[in-house]
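The values are calculated or read from the model by the stated rules, or taken from the named source; none is laboratory data. The structure displayed is predicted, hence computed values, not measured ones. Neighbour counts run over all protein chains shown; Cβ positions are idealised from the backbone, glycine included. Calculation scope for accessible area: heavy atoms of the full protein, side chains included, ligands and nucleic acids excluded. Shrake-Rupley method; radii C 1.70, N 1.55, O 1.52, S 1.80 Å.
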Amino acid sequence: GFRGRPLDDAGVAARYYNNLGAEHLAQGRLAHAYAHFKAAITTDASYAAAYGNLAVLYRKRGFDADAERLLRRAVALSDEPDVALQGLHQLLVDRGREAEAKSVAEQ
């Protein structure tokens, strides 16, 4: 199974901000979601989920290039990058970038 690692204060705070951001995103409060995801990343730049969630927000706003950059960062940072890889795959499929999508699917 997956073994967690102890979190420092920054890691705990980043997860808190990320969770608040996710709640705001679910409620359609995009400016609040953005602020919280950015706070999570600023607090702990190694927390992959915040990049992935910010990418979801960027896709909703039509900023696919920025979303792709964030998803690639989330994949690179994550011990378990499945969610970020799925998001990246979907973005590439949606953009008609089939060869890249196939490469990501194989990961």
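Listing for the model above:
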| read-out | value |
| --- | --- |
| Built amide H within the under 5 Å cut-off of residue 45, gap 5+ | none |
| Normalised contact order of the chain, rounded percent, pairs of Cα under 8 Å and 6 or more residues apart | 18 |
| Computed P(r) (all Cα pairs; the chain; 10 Å bins; percent) | 16, 45, 30, 9, 0 |
| Estimated vicinal HN-Hα couplings, Hz - the range 90-101 in sequence order (Karplus 6.51, -1.76, 1.60; Gly, Pro = x) | 4, 4, 5, 4, 4, 8, x, 9, 5, 5, 5, 4 |
| Helix axis angle, 9-26 relative to the chain longest principal axis, alpha carbon, degrees | 60 |
| Area of residue 47 that stays accessible when all protein chains are in place (1.4 Å probe, Å², to 10) | 40 |
| Expected 222 nm ellipticity per residue - DSSP helices of 4 or more, -39500 (n - 2.57), all of the chain, to 500 | -24500 deg cm²/dmol |
| Whole-number D in µm² s⁻¹ for the range 5-65, Kirkwood Cα-pair radius fed into Stokes-Einstein, 20 °C, 1.002 mPa s | 190 |
| Karplus-derived HN-Hα couplings along the range 45-59 (A = 6.51, B = -1.76, C = 1.60, θ = phi - 60°), whole Hz, x at Gly and Pro | 5, 9, 8, 4, 4, 5, 5, x, 5, 5, 4, 4, 4, 4, 5 |
| Per-residue ³J(HN,Hα) for the range 32-43, Karplus 6.51 cos²θ - 1.76 cosθ + 1.60, θ = phi - 60°, Hz, x for Gly and Pro | 5, 4, 4, 4, 6, 5, 5, 4, 4, 5, 5, 6 |
| 15 Å beta-carbon shell around residue 58, net charge (K/R +1, D/E -1) | +4 |
